[in-house]
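These notes concern the structure reproduced below.
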Amino acid sequence: MKKFNIRKVLDGLTAVSSSSSAAQTGAAKENDAVPESLQSEHFQLCKTVRHGFPHRPSSMAFDPVQKILAVGTLNGALRLFGRAGVECYCQHDSGAAVIQLQFLINEGALVSALADDSLHLWNLRQKIPAILHSLKFNRERITYCHLPFQSKWLYIGTERGNIHIVNVESFTLSGYVIMWNKAIELSTKTHPGPVVHISDNPMDEGKLLIGFECGVVVLWDLKSKKADYRYNYDEAIHSVAWHHEGKQFVCSHSDGTLTTWNIRTPAKPAQIITPHGKQPKDAKKPEPCKPILKVEYKTTRAGDPFMVLSGGLSYDTVGRRACLTVMHGKSTAVLEMDFPIVDFLTLCETPYPNDFQEPYAVVVLLERDLVVIDLGQIGYPIFETPYPLSIHESPVTCCEYFADCPGELIPALYSVGSRQKRQGYSKKDWPISGGNWGQGTQSYPEIIITGHADGSIKFWDASALMLQVLYKLKTAKVFERARGKEEKANTDIVDEDPFAIQTLCWCPESRMLCVAGVSAHVIVYRFSKQEVTTADVQLLEVRMQSDLSNVDSPDAAGDQTPTQPSPPPPSPQESEPSATISTQASASGNISISLADGPRDNMPCLQVRISPLKQSPGYQVELVVQLVWVSGEPPQQITSLAINSSYGLVVFGNSNGLAVVDYLQKTLLLNLGTSELYSPSEPNQRHPCSPRKARHPSGAQCDSNDGPNAAEERCKSPNSGSNSPCNSDEERKAKFIEKVKYKSRRFSKTVSNDFARMSRKISSPNEQKPYSDSKDNSFSRSRSSSVASIDRESREAICAFCFCETFPRKLADASPSPCLLVGTTHGSVMLVGLSLPSGDQQRLLQPVGISSSGTVARLKGGILTTALLDAAGALLPASYQPWYDPNASDEEKEKEKSRWRRPASPPSSQDGHDSQFAVLCSERQAKVLAMPSQTRVYKHNITESSFVLRADVVEMAGANCIACFCANGHIMMLSLPSLRPLLDVNYLPLTDMRIARTFCFSNLGQALYLTSPTEVQRITYSQETCDNLQEMLSELFTPVETPEAPNRGFFKGLFGGGAQSLDREDLFGETASGKASRSLAQHIPGPGNMEGMKGAASGVVGELARARIALDERGQKLGELEERTAAMMASADSFSKHAHDMMLKYKDKKWYQL
């Protein structure tokens, strides 16, 4: 019987509904023949891997046999690290902070203690760890946990000072309890405080050392259930560490002291030291210092022991960074850290606490970094971290994801990036080396690009579910840096991070990179493998201006909003007085008018570097474009950006309009306000100035609103003089005051509508919104007036570009030609035709012609993405120029150019039929138009109650679709060209604007977003990838033999001086200690059925315990056999001796003498 599939039924219904919404019935019937292979079965959404540094870390643990590191966070997350490429992420459902982690060493299990007083046992033997058991304490707060090596009994210290014992196999409480009032002296009148430390004596498992916060340490005898010794000190205790012989222990205290105690002399410490205290001359006690939060005492076989501690600095070291102190013999090394220390662990050669530890490294967990220090080399160098933990080195401001890149890209980026690596790292191998890589079948190249607040750009190799930095580009090198606050330019439009990356555009085939920054600058980069020194950075300054009196562009419904006329803006020549009135934004939003030297005009926000620029192999500056101040108004931040290497053009737009730059000729081709794209009176053809005329070093400056009779003034050098005389100061002041009055009237009329619109829309394409992380939003705070910011919110901005080859006119016999699709925040899509000179030489000499073809379509909401499909529904990629090294020799350039192949042009329209589809997607709608007729074929309303944050046309399973991420957390997939819904999953509600600005889709079912300021979460929407995910993920647990226990030696075995074992089962088992109170803690089974849970639990702990018991029994039997064999040998020797003596006695005697 054929299996019923509800997905196919829904696909059929949605296809019918989508087809019925088409405007042209005949066109829909004609396009029904376009095959669509994508179905709902091809899609499934799931998380794959998480990269980066754990956000807000709180605890750490290490398995010395498996070589696995675990990090817990305040958000309840667990991150596990092994060798390079072996990472794992899992999350506690409660989200409570992880206060402590304990490995079941070499057993593939981990115990986590949370701030909500719950314990969880994780199974690490599967690729995606899962919780096997949970135990929730109801009446006591957990403060400390301790699990002895090769033991199944977990000690739990509580805030009340009691100690409970948990069986980790069954995760049940034992009836054996150590009460605080029995541990301390009866004469003590105060509560000792919470338990801050628990550990057993390395040489005697029956002795338990308990540390209370008040400064009392108790050595508890587990068998006799009483305290053997009590050690009292006046200062609070933070940590305790044993010497491996079990005769001494060290305590760290809140006054910065370390006390060393002999276990048999509890009266006073054997030694008191203050590592960072100043010793007074009168031989009194050293000055108190900051608390020593943790100390570890590790011994070596061939030298002095190591004592590692954190904290303890003197109070007079104000502003000093956190330090880790390493004391070895008579030397003391103070290692400064970049961030506060959360925890540290000393890695040792042996897991046995009763043997020489032989420490070789220290893992230091900082608030924003992970550092591993090599203890075996002079100077204590650090290891080079193989994990991608530097994503947050500077806050991430934008992110792009490219799957299935050209194969030679990653080696090329790695070759230039390998020269940027720091020196001075330890030469030893990375010590956290556990786990194995996955065996995935997907091997296509993947690259992630992140833009940062300091102006840097990082390229990451994201292939095979791994992440490794390839290359780092610093865009701030192009500009001059202010050395101090007094030298800081007053033309900045952001308070902090003026070099922050706003958006970027990258062409993998040509390796061209275009970057837009928050200071209204655009930088074009070329990739080169050779070093070059640029004497003068090519600079082009653009003057983009928009007047508030412009008529608003049509909205999605086609209505127009009339506005009152205003006086014309002052010309550039009139805006250069020596003294005038300027407006400054105040914190309250009021406009303050003050006299100044003059309004800032024709000034960029950043100063381009004047001295020669040495550019290393990699991305090198081709051109810098800067927007300048206009009549005291700062330039608006760039909201959209695109580059095309085949055309040699860069286009960018903001709330004022758009500008097209020819980066080959270093000229500005077009500078239009958004409203001018609508005006039918504008000439269709705009001829820019010749690039060879009046070339000036500072580049051309253009005004987008100079009026219809100022064509000759549209591109003008700032160095050219002005023939018109300047008006008087009084006239300028009067005009400026009139302009401010008009702005105030306009503000009063539109403020209610604008605030309502901003409250409905939490994200805008042309404004950066505040984020949860204070550093992340530092680059988006503008100094412009609040009135202008409100007007910009309602002003139509350019938000999307797409270079393509399509039909610029609605002609039946038209042929495709280079074009530019322009999308606005009001939902309009315009078409701009490009006329490129033929031939490489002509292209460098003749200007590029640009003509506006008017509006193509209008959609609800701002335009997010556009694309073109051919008649068969296949994506028509933008043409590109294959990469060549710009600094190579002429022969190599000619050799590369001879292999260039311009992509085949799309077929022309024949017999009046449409041969292309234009795909348009906005914040609320998606439409498909037939080209060149520009008739709507398909339409789909994506959302009514929310809006789309990110939309991309992606390739999936050999076909194309639209991938959408909505603000309500839904991820949707629409087929092309029919816009049939394929997937709609409520994945992630928008809780942070960081997700909104970093979420991006890529081809082959891949997507990612920045889930925290330090972590990147990768997801897949491909069913095939989800099915193969288990094979692709890395393995944490690998079978490794536990090292042999240390040899006790002949004399220790003879006189009983070795480690004393303890049968904890006899003490803590139900038979000996009884049952624990049921109200104390509640057992919660892990996910999955009971049989699977029991099987997994036995596989993790029970089987190993039984195997260990069997090995012990086998060893015991072998020992008994050896003893019997030795006794038989001794008996045989005795018999032989007696027989020999008898033979000698009767050797010379006759038989009759016997």
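Observations, loosely collected:
- The single condition among (1) modelled with pLDDT of 95 or more; (2) of a type outside the set (Phe, Trp, Tyr); (3) out of contact with any helix residue (DSSP H, G or I) (no Cβ under 7 Å at 6 or more places or on another chain) that Thr14 does not meet is (1).
- Among (1) surrounded by 20 or more Cβ atoms within 10 Å (Cβ to Cβ); (2) within 30 Å of Glu205 (Cα to Cα), the one test that Val396 misses: (2)
- Yes/no for Leu974 being closer than 26 Å to Asp404 by Cβ, touching a Pro at 6+ places or on another chain (Cβ under 9 Å), in contact (Cβ under 8 Å) with a residue 24 or more places away in the chain and not acidic (Asp, Glu): yes
- Looking at Arg321, Arg264, just one residue is surrounded by fewer than 16 Cβ atoms within 10 Å (Cβ to Cβ) and over 29 Å from Ser59 (Cβ atoms), and that residue is Arg264.
- Output for region 499-533, where each listed residue is open to solvent by 30 Å² or more (accessible area, probe 1.4 Å) and farther than 13 Å from Ile638 by Cα: Glu509, Lys529, Gln530, Glu531, Val532, Thr533
- Flag if Val196 is open to solvent by 10 Å² or more (accessible area, probe 1.4 Å) and modelled with pLDDT of 95 or more: yes
- Residue match in region 943-965 (condition: crowded, with 21+ Cβ neighbours inside 10 Å, under 14 Å from the mean Cα position of the chain (by Cα) and not polar (S, T, N, Q)): no
- Considered as a group, the residues in region 432-476 that are closer than 20 Å to Ala1007 by Cα and β-branched (Val, Ile, Thr) include one that is surrounded by the fewest Cβ atoms within 10 Å (Cβ to Cβ), and that residue is Thr441.
- Residue within region 93-104 that is open to solvent by 10 Å² or more (accessible area, probe 1.4 Å), under 28 Å from Pro353 (Cβ atoms) and among the β-branched types (Val, Ile, Thr) present: yes
- Of all residues in region 832-859, exactly one satisfies the criterion of being surrounded by fewer than 18 Cβ atoms within 10 Å (Cβ to Cβ), touching a residue at least 60 places away in the same chain (Cβ under 8 Å) and among the charged types (D, E, K, R), namely Arg843.
- Residue that is surrounded by the fewest Cβ atoms within 10 Å (Cβ to Cβ) [pool: residues in region 802-830 that are closer than 13 Å to Pro932 by Cβ and in contact with a Cys (Cβ under 6 Å, 6 or more places away or on another chain)]: Cys819
- Set Ser331, Ser314: member being modelled with pLDDT under 95 and more than 22 Å from His244 (Cα to Cα): Ser314
- Residue check for Cys405: open to solvent by less than 30 Å² (accessible area, probe 1.4 Å), in a strand (DSSP E or B) and not acidic (Asp, Glu): no
- Taking first residues from region 939-966 that are of a type in the set (Ser, Thr, Tyr) and partners that are buried (at least 21 other Cβ atoms within 10 Å of the Cβ) and in a strand (DSSP E or B), the Cβ contacts under 6 Å between residues at least 6 apart in sequence or on separate chains come to Thr943/Cys966; Ser946/Cys966.
- Hey, Lys284 touching a residue at least 24 places away in the same chain (Cβ under 8 Å) and open to solvent by 30 Å² or more (accessible area, probe 1.4 Å) or not: no
- Tally of residues being farther than 14 Å from Arg50 by Cα and either open to solvent by 20 Å² or more (accessible area, probe 1.4 Å) or at pLDDT 95 or above (or both) across region 1016-1031: 9
- Matching strands (runs of 3 or more DSSP E) fully within region 587-702 where at least 2 residues are modelled with pLDDT of 50 or more and under 39 Å from the mean Cα position of the chain (by Cα): 613-615, 618-627, 640-644, 649-653, 657-662, 667-673
- Filtering region 1065-1076 to residues that are of a type in the set (Ser, Thr, Tyr) and surrounded by 12 or more Cβ atoms within 10 Å (Cβ to Cβ) leaves only Ser1073.
- Residues of region 1032-1079 satisfying the condition of being of a type in the set (D, E, K, R), in a loop (DSSP other than H, G, I, E, B) and modelled with pLDDT of 80 or more: Glu1041, Glu1044, Arg1078
- Note on region 115-127: residues that are buried (at least 22 other Cβ atoms within 10 Å of the Cβ) and not aromatic (Phe, Trp, Tyr) total 5.
- The residues listed here are Ala96, Ala113; of these, the one that is in a loop (DSSP other than H, G, I, E, B), modelled with pLDDT of 95 or more and touching a strand residue (DSSP E or B) at 6+ places or on another chain (Cβ under 6 Å) is Ala96.
The values are calculated or read from the model by the stated rules, or taken from the named source; none is laboratory data. Everything numeric here is computed off the predicted structure, so don't read it as measured data. Virtual Cβ from ideal backbone geometry, glycine too; neighbours counted across all protein chains shown. All accessible areas refer to the heavy atoms of the entire protein, side chains included, with ligands and DNA or RNA removed. Shrake-Rupley method; radii C 1.70, N 1.55, O 1.52, S 1.80 Å.
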